[in-house]
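Structure, as structure tokens:
The values are calculated or read from the model by the stated rules, or taken from the named source; none is laboratory data. None of the values given here were measured: they were computed from a predicted structure. With ideal geometry, Cβ positions are generated from the backbone for all residues, glycine too; neighbour counts draw on all protein chains shown. What goes into the accessible areas is simple: the full protein's heavy atoms, side chains included, and nothing from ligands, DNA or RNA. Shrake-Rupley method; radii C 1.70, N 1.55, O 1.52, S 1.80 Å.
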Protein chains: 2
Amino acid sequence: PVERAVTRVVTPGTLTEAELLGGDENNFVAALVEGEEGYGLAMLDVSTGDFYATGTTDAATLRDEAGRFDPAEAVVGPDVSVPEAREVFGGDCMVTPYDAGAFGFDRAHERVSDYFGRPETLLASPAEIRACGALLAYAEYARGTTDEGERDRLDYLTHLTRYDPREYMLLDAVALRSLELFERRSVHGATGTALVDVLDETACALGRRRLHDWLRRPLLDTDEIRARQGAVEELVGDLSTREFLHERLHDVYDVERLIARISRGRGNARDLRSLHDTLAVVPALREALAGAESDRLRDLHERLDPLEDVRETIDEAVAEDPPIELTEGGVVREGYDERLDELRQTEREGKRWIDSLEAEERERTGVDSLKVGFNQVHGYYIEVTKANTDRVPEDYQRRQTLKNSERYYTPELKEREDEIVRAEGRADDLEYELFREVRAAVGDETERVQRVADAVAELDTLVSLATVAAEHDYCRPEVGETDSVHVERGRHPVVERTQQSFVPNDAHLPREAPVTVLTGPNMSGKSTYMRQVALVCVLAQIGSFVPAASARLPVLDRIFTRVGASDDIAGGRSTFMVEMDELAGILQHASEDSLVLLDEVGRGTSTADGFAIARAVTEHLHDETEAFTLFATHHHDLTAVADSLPRARNRHFSATREGGSVTFDHDVREGPATASYGVDVARMAGVPDSVVERARALLGPEEASNGHSASDVEPATNGHHAPDELLE
Amino acid sequence: PVERAVTRVVTPGTLTEAELLGGDENNFVAALVEGEEGYGLAMLDVSTGDFYATGTTDAATLRDEAGRFDPAEAVVGPDVSVPEAREVFGGDCMVTPYDAGAFGFDRAHERVSDYFGRPETLLASPAEIRACGALLAYAEYARGTTDEGERDRLDYLTHLTRYDPREYMLLDAVALRSLELFERRSVHGATGTALVDVLDETACALGRRRLHDWLRRPLLDTDEIRARQGAVEELVGDLSTREFLHERLHDVYDVERLIARISRGRGNARDLRSLHDTLAVVPALREALAGAESDRLRDLHERLDPLEDVRETIDEAVAEDPPIELTEGGVVREGYDERLDELRQTEREGKRWIDSLEAEERERTGVDSLKVGFNQVHGYYIEVTKANTDRVPEDYQRRQTLKNSERYYTPELKEREDEIVRAEGRADDLEYELFREVRAAVGDETERVQRVADAVAELDTLVSLATVAAEHDYCRPEVGETDSVHVERGRHPVVERTQQSFVPNDAHLPREAPVTVLTGPNMSGKSTYMRQVALVCVLAQIGSFVPAASARLPVLDRIFTRVGASDDIAGGRSTFMVEMDELAGILQHASEDSLVLLDEVGRGTSTADGFAIARAVTEHLHDETEAFTLFATHHHDLTAVADSLPRARNRHFSATREGGSVTFDHDVREGPATASYGVDVARMAGVPDSVVERARALLGPEEASNGHSASDVEPATNGHHAPDELLE
């Protein structure tokens, strides 16, 4: 057999080995092109075959779309510089300049045609075609060439998804991070929890990646949202089907990666068995959906093809518990190939003969201590102690002398040994040849396997959403039938899991009064509340149920956040500059269908400048943009501004100081707050008493005596005592 | 040969393979014990043998020491819970509960004695002995046991460094992060630069790790500081020696890891050759230091032993360019072992015979197209086309039938083939045996190799510091002869490299007026200035020269920072709470020998509360602590406070608005600033004009017309135009 001399190139974006990839998550490599008609962006996961393309003329949108997929590597041609690409893809992404020729239109067009048919029907611009073509070329290059230096087609790339950025809710990198959709922040030395973690009850890697994809791209299409909701609702209502499906889905292997490896001629025998075992699960999944009523589940029932022929091909040829190594035997099932069975028979017989040799030779020589043994260097031998060497027969030939014994062989033993070694070697080689044939045959069915994997992924994700909804008391939101945000008794999906008790809150942002200014002391719950409103909207738009008693929601085009702060010293941007930069982005891009979260704008400058900016921003969002806006602030003057604006409202969180401790009730109320309790927090954090007392004295009798209005002083019935459960 | 069945346990802290370890940096596993007499903490890098132990009764000090080493894994016994350990080691560290028995005093004592001799002379408390003993036990466990289930002593652990936390300047996790000593923050999509990056001109991994260690533990001992400075100074003054050393050090392999692998019986032939090649460099290093004058370089000259015997042992036995695999031949040099040379000779002769066979058989049969070939499955064969099969001699036996030809073998060919296969197999096995003997012999010299590595590491680090000092115009600071901080024309060592031009600034914090309140607009340079003062002090205390025209510095016991801000939402702590928490730590632990950097305290609460806290804190640091303090603020009222305090000073950075842009001169000056330019920054960041104009209008004519005093309005001669070079 001609061995293929493969020169693989391993880069962060083109890893395909499960051991090198961190986990189940997608690992994308991107290609970026800037043409006359705008940008073309392509993203490919070579380990699964997931392939996306999009285009835009707007640099900000380009960054946002790149942020969705968070590629590990980006390939650029001559029209995009490395620093430009770094701006787009972020600092964790490796930027690789690649062959200009591959980015040329003609070659790219040809390559895309070769894989997916006529590019013009699939992609929207020459830039997109060039990005996709160049990315295919790069993936082929990284995969390595054949002996003859020929390119090697990646047959498992069967599907290219082209989408328009405007088809999905936009969550830019800032929003993704501050809403913690995927990012786990380290907290008190423990790893934090992201939204995707509380949502992930998937049973297999296929579902896990699909869930990430849905969260990455919340929908704008209400029909699709409702189709998913319908499936979730049916599964919420049917515990036994849900649990049955979940249980069976646990036995599904990562077939997207398996078939990708198999189709590239890199899968081992265990990979084939894993594919077989997964296909064996499909009939049960299909059967469980036989009586489904929702359109989406009925559709999945159709799509779950168990691929009997593929399963049988594998089962007949590949042994049930094969080793990882393909060249050392044990891979092919007995009975599959006559030649192979014969070689193995020869091997076994030879070994049996040697097994019986010791008894025979003892009898023949009369030496009871005679032993037959094997040693890596010298092969089989007959060992006789020095005392008995005179009883050794004529045909014994000396092989090795030890301290207390001699080792011999006989011509017959040597012949048998040669026979065994040769049969074993040939059988191993033959098995490898046979295995490669089966692997190639299965690889030919890649597209069918991928279609089944697609259906399984969707089913697992729907089951996961239903499980979370049922176990954590989520409701089905009405989406797109109203132009107001209306949530009753909503909860923060992550915080409600990590805190011992959680106080639900309503959120009403009607079209006619979309702006709310939110005040209240530190840790009273403002930040949690704002994020909770945003997360409920995100969940609704991926088709999930939401943590609330009920919800009626509009379809949001985008969520903006300006919360928290981080210095960017070596990059030369102050906290304040970062803040203003993000704010500018919001003011430029928000629409009346956007949700804007602002947490304290204008902190990093003087009080007068900061307040002037905060006020001007509030007025702009109120008068011009009319976006749904939640603005948390300590500038108490801003509450007076809200009072003076017709479409703005004041809401606040309050607290009560009793004895030495401050109690928060975490309940959002009408009107503005009046006290901030900053000095109390300083005391709780362990600032020395003398400093705390001095600060109180400086505040004067008026402010130091709580300073809150009568309405705030009330028994905190469902309140918590800080600092046990500090919560903002 | 008896093969050892090794069951290795791979954990984040016990990786030893270079491919799995990220780079040259240390990878520590820690063990923590809490006893009656306080905590015992041990840290071990199993890949290099670096082993540290320390003890403290204070939980905060414990966290700080753990933070210095930043272990990948921590092992705890019964007296420390997993959550406690997480608090100590941080969220990125894997916490592993381990066998209580190993943490028991008697077993730990015995194990430490076995490795390092009497524990009482080495370690300060029973808790430290227990931590070290348990860590040794864990390292042995992770390394795996022998066939017989016996523990396997780690002979390369020859040295244990016990230190007192009070011997080093303390830099807690907050300070390490905010001063960016090691952390590279992502900036504008590009990876940022840490202090260690601009300081690292080391040529080998040994020096690179040593530099990290020095930065991790800046000295308090002025004698040691001066000894290092003396060596650096001599190297700064001798360009040719410095360049020669640097060049030669490039050829040094990571011998700490090599000898650790070799001593554990895991090194391959290339590892031995790399050790050989490194030892071959040592004589040149030694020679270059022959005329050194500084004590430290003379001392290194003594310690650089070229270990001729070890080098020869390797060179005689191991081939010059060996393969990675040890069992496939090519590892042992020809001429080293007679038996081996004979086997290889047999192999070669057999192959030569087969090489000549084709010509011979063509002549014998008269078939010109006859070919001799080899195939994995069937071995050697003689191939004859179908047309010529009638001319085949009697002794040809049929082996395989192809479409157009037949393949044969002859008894003699078969015999030769067997001979080759057997000789090859036996030679491979013998080579492996011989190699293991040599490896074991070299492993016995571990301690001597480690001593040379230690000297090389120190030399490389000193050369690196000298290179940076010479190339970037650093000066030798006077350390410990004054109790005031006095820097002339100081620069930020990182920012001066990443910005096109950099304005140096003086820093004077005399003992009699240690507190400075720093004001000025955003991006005028306050944050950079504060960090620059801290970094100059850190560099001085590791023995490095510093980026300044001249510097006289005290020995600081600790540097505190409270800068930047980060939300900790799922952890339930607001920005403000994190800020107060860090502030409390500073107020509790700072001494008159500490440097405290505060950047805007009290931002996350109401203006009144924030100012009261900021003032009380300033007064406390001024009256009670008397620490060297730099307090940057936008609370302009705080400048009046500084004016009223006898040991506090006001300093400011200023800016000029000219036409549409703001110019910063980045020059620190006496007295307070008067304008903050917040609205200008908002405009530069891209906040829409209408919003900017509205904010200006709200500020009123007084504040909007720059608002700065006459002293600020002056031509910015060496100034920069924002936003091209934004800088805070």
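So the values come out like this:
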{"read-out": "Summed residue charge, Cβ within 10 Å of A:G602's Cβ, Lys/Arg positive, Asp/Glu negative", "value": "-1"}
{"read-out": "Apportionment of accessible area to carbon and sulfur, the range A:346-450, percent (1.4 Å)", "value": "42 percent"}
{"read-out": "Bridge type composition, the range A:470-622 - antiparallel percent by DSSP, nearest 5", "value": "55 percent"}
{"read-out": "Nearest-first distances (nm) between copies at B:E293, label 7 Å from Cα via Cβ", "value": "9.7"}
{"read-out": "Dipole of chain B, positive direction: furthest Cα of B:S178, B:N375, B:A85, with charges on the beta-carbon", "value": "B:S178"}
{"read-out": "Hz values of 3J(HN,Hα) by residue in the range A:427-440 - Karplus curve (6.51, -1.76, 1.60), Gly and Pro given as x", "value": "5, 4, 5, 5, 4, 4, 4, 4, 4, 4, 4, 5, 4, 5"}
{"read-out": "Inter-chain Cβ neighbour average for residues A:597-607, partner chain, 10 Å", "value": "6"}
{"read-out": "Long-range amide H partners of A:R333 with built H, under 5 Å", "value": "A:V318, A:A319"}
{"read-out": "Theoretical FRET efficiency, 1/(1+(r/R0)^6), r = Cβ-Cβ of A:A59 and B:D593, R0 60 Å, to 0.05", "value": "0.75"}
{"read-out": "Share antiparallel - DSSP beta bridges, the protein assembly as shown, percent rounded to 5", "value": "60 percent"}
{"read-out": "Sequence-separation-based contact order of chain B, relative, with Cα cut under 8 Å and 6+ spacing, percent", "value": "11 percent"}
{"read-out": "Residue mean of other protein chain beta carbons inside 10 Å, B:519-527", "value": "3"}
{"read-out": "Net dipole in debye of the range B:573-665 [+1 Lys, Arg Cβ; -1 Asp, Glu Cβ; about Cα centre; nearest 20]", "value": "280 debye"}
{"read-out": "Whole-Å semi-axes of the range A:491-635's equivalent ellipsoid (Cα gyration tensor)", "value": "26, 19, 15"}
{"read-out": "The range A:409-465 - Rg and Dmax from Cα coordinates, angstrom", "value": "23.2, 72"}
{"read-out": "Of all accessible heavy-atom area on the range B:46-135, the percent that carbon and sulfur account for (1.4 Å)", "value": "49 percent"}
{"read-out": "Backbone N within the range B:534-563 under 17 Å of label point (7 Å from B:R647 Cα along the Cβ vector)", "value": "B:554-558"}
{"read-out": "Dimensionless Rg ratio for chain A, taking C-alpha atoms and the 2.2 N^0.38 Å reference", "value": "1.27"}
{"read-out": "Residues A:N375 and B:D295, FRET efficiency given R0 of 51 Å [Cβ-Cβ distance, rounded to 0.05]", "value": "0.30"}
{"read-out": "Under-5 Å amide H pairs with B:R162, H placed in peptide plane, nonlocal only", "value": "B:A53"}
{"read-out": "Structure-based [θ]222 nm, chain A - -39500 (n - 2.57) summed over DSSP H runs of at least 4, per residue, nearest 500", "value": "-14000 deg cm²/dmol"}
{"read-out": "Isotropically averaged projected area of the range B:224-359, using the convex hull of Cα atoms (one quarter of hull area), nm²", "value": "12.2 nm²"}
{"read-out": "Among B:S484, B:A457, B:P514 - extreme Cα towards positive end, dipole of the range B:426-524, charges at beta-carbon", "value": "B:P514"}
{"read-out": "Rounded to whole Å, sorted largest first: equivalent-ellipsoid semi-axes of the range B:74-127, Cα gyration tensor", "value": "25, 12, 9"}
{"read-out": "Amide hydrogen neighbours beyond the local backbone of A:Y677, cut-off 5 Å, H modeled", "value": "none"}
{"read-out": "Taking the range A:54-140 and dividing mean pair separation by its residue count, relative contact order in percent (alpha carbons under 8 Å, at least six apart)", "value": "27 percent"}
{"read-out": "For the range B:190-249, radius of gyration divided by Kirkwood radius, i.e. Rg to Rh on alpha-carbons", "value": "1.01"}
{"read-out": "Point-to-point label distance, B:R184-A:E338, nm (Cα→Cβ direction, 7 Å offset)", "value": "6.4 nm"}
{"read-out": "Residue-by-residue Karplus 3J(HN,Hα) for the range B:394-402, coefficients 6.51, -1.76, 1.60, Hz, glycine and proline x", "value": "4, 7, 6, 10, 6, 10, 7, 10, 9"}
{"read-out": "Estimated FRET transfer efficiency when R0 is 51 angstrom, pair B:E658-B:S81 (beta carbons, to 0.05)", "value": "0.25"}
{"read-out": "Label 7 Å beyond Cα on the Cβ vector: A:R339 copy-to-copy distances, nm", "value": "3.9"}
{"read-out": "Copies compared at B:E120 - label distances in nm, ascending, label defined 7 Å from Cα in the Cβ direction", "value": "9.2"}
{"read-out": "Mean accessible surface per residue for the range A:415-534, computed with a 1.4 Å probe while every protein chain stays in place, in Å²", "value": "33 Å²"}
{"read-out": "Gyration tensor (Cα) of the range B:505-565, equivalent ellipsoid semi-axes in angstrom", "value": "20, 14, 13"}
{"read-out": "Buried area at the A-B interface (accessible, heavy atoms, 1.4 Å probe, summed, Å²)", "value": "7500 Å²"}
{"read-out": "Rh (Kirkwood; distinct C-alpha pairs) - the range B:156-236, Å", "value": "14.9 Å"}
{"read-out": "Gap separating the Cα centres of the range B:155-179 and the range B:492-517, nearest whole Å", "value": "27 Å"}
{"read-out": "Fraction of beta bridges assigned by DSSP in chain B that are antiparallel (%, nearest 5)", "value": "60 percent"}
{"read-out": "Farthest toward positive dipole pole in chain A [+1 Lys/Arg, -1 Asp/Glu at C-beta], among A:A284, A:L154, A:G671", "value": "A:G671"}
{"read-out": "Model label zone, A:A697; criterion: amide N under 13 Å from point 7 Å along Cα-to-beta-carbon; scope the range B:599-632", "value": "B:616-617, B:619-620"}
{"read-out": "Derived scalar couplings ³J(HN,Hα) [the range B:159-176; Karplus, 6.51 cos²θ - 1.76 cosθ + 1.60; whole Hz; x for Gly, Pro]", "value": "9, 10, 9, 9, 9, 9, x, 6, 7, 10, 4, 8, 10, 6, 4, 5, 5, 4"}
{"read-out": "Mean Cβ count within 10 Å, highest first, over the residues of peptides A:463-474, B:116-127", "value": "A:463-474, B:116-127"}
{"read-out": "Segments A:293-305, B:672-684 sorted - mean Cβ within 10 Å per residue, highest first", "value": "B:672-684, A:293-305"}
{"read-out": "Kirkwood hydrodynamic radius of the protein assembly as shown, Cα pairs, Å", "value": "36.9 Å"}
